[in-house]
Structures are given as structure tokens and as C-alpha cells.
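Shown next, in C-alpha cells, is the structure this report addresses.
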Amino acid sequence: MKDKGYKITEFDYKGNFLEWATWNLESFMKIVNEDLRSKGRNEFIVFVDDDYIDNELSNFDEDWDIDDEEYKINKDILIRNLNEVRGCYADYLKNNGVYIRLGTTFEEVVKSYCERINISANLEIID
């Protein structure tokens, strides 16, 4: 049985019409992350598993002084945000530390991305 794919059409920020297709989550993430990086955006799609969370908390501890009065508050916020998307794919906005849950399956991630992140995109199922 052939996997279904998704065709995404959109107008970019310069008004150019774009059309692309994807048949699996890995290629979708690669395309989106490369596009975001090429636009200079500090945002990307990640899978938030226990290793990812451990790494983010370790990075947080390296970047903050434990004696800073806001250390505990900000670490608690980070832990809460990470736990809300644990086991899911998420859009991560690095500048403000926000994670937006996209889902756990290819279909959920693509649909959520088009509905919540890139709202100008139109989505069509390819059989």
C-alpha cells in the first residue's frame, strides 16, 4: 500500500507562489527547518523526547547563574513547557522559548503546521 502524501501550496513573504510535496515526516521537517533557517528565523520543528528535555535543561543550567533570582522561576517555566509537549513534535520558537505542540503523527504534524504556524499554506492530500 502506497503511503499518502501532502501537497502544500503557499505564498511566501515576498509574494512568490510555492508548491511542494512530502510523503514522510522526516522530509517534511527537513524542508520546513531548512526554509526557516534560510529566512534567518530562530524557529524549528523538533521531537521532544526525554533526551531532548535533558539536553535543554542542561543547556539552561549552563546559561544561567543558579544564584540569579529568576533562575528557579524560568527553569520551572521551561520544565512546564517541555512537559506539555513531551513525546510530541513541536514548533520551537527559540527567541522566546515557546513550544507549540504539533502532534505525534505525520498527518497531525503537517495539518497543525498549516493550521497554526504557516496559516497561509493550503494542504491537499495526495493518494
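FYI, it's all coordinate maths here, none of it is from the lab. What you see is a predicted model, and the numbers here were worked out from it, not measured in a lab. As a convention, Cβ positions derive from the backbone with ideal geometry for all residues, glycine included, and neighbour counts pool all protein chains shown.
Among 121, 74, 33, whose Cα lies farthest out toward the positive end of the dipole of the chain, if unit charges sit on the beta carbon of Lys, Arg (+1) and Asp, Glu (-1)? Farthest towards the positive end: 121. Which angle from 0 to 90°, rounded to the nearest 10, does the C-alpha axis of helix 50-63 make with the longest principal axis of the chain? Computed tilt is about 50 degrees. Measure nothing fancy, just the Cα-based angle from helix 25-38's long axis to the longest principal axis of the chain, in degrees from 0 to 90, nearest 10. Orientation of helix 25-38: about 70 degrees from the principal axis. Simple point charges give the picture: +1 on the Cβ of Lys and Arg, -1 on the Cβ of Asp and Glu, and for region 74-127 a dipole about the Cα centre of about 400 debye. Of the residues 86, 41, 101, the one that moves most in a GNM of the chain with alpha-carbon contacts below 10 Å is 41. Taking Cα atoms only, the orientation of helix 71-85 departs from the longest principal axis of the chain by about 30 degrees.
Using DSSP to call loops (not H, G, I, E or B), can you name the GluC sites (Glu not before Pro) in region 64-95 whose Cβ has at most 14 other Cβ atoms within 10 angstrom?
Here the sparse-neighbourhood loop sites are 69, 70.
For region 1-54, the relative contact order is 22 percent, taking Cα pairs closer than 8 Å that sit 6 or more residues apart in sequence and dividing their mean separation by the residue count.
Look at the alpha carbon pairs under 8 Å that are at least 6 residues apart: their mean separation over the length of the chain gives a relative contact order of 31 percent. For region 1-104, a simple Cβ point-charge model (Lys and Arg +1, Asp and Glu -1, everything else neutral) yields a dipole of about 900 debye relative to the Cα centre. Under a cut-off of 30 Å between alpha-carbon atoms, report the lysines in cross-link reach of residue 30, not counting same-chain residues fewer than 8 places apart. Straight-distance partners of residue 30: 2, 4, 7, 14, 39, 75, 94, 111.
Take the Cα of residue 21, go 7 Å toward its beta carbon, and the backbone nitrogen atoms of region 95-127 under 15 Å from that spot belong to 123-127.
Given the alternatives [x] 32, 17, 11; [y] 41, 25, 11; [z] 81, 17, 12, semi-axes √(5λ) of the Cα gyration tensor in Å as computed for this entry is given by [x]. For region 1-103, the set of chymotrypsin sites (Phe, Trp or Tyr not before Pro) satisfying both a DSSP loop assignment and a count of at most 15 other C-beta atoms within 10 Å is given as 13, 23, 64.
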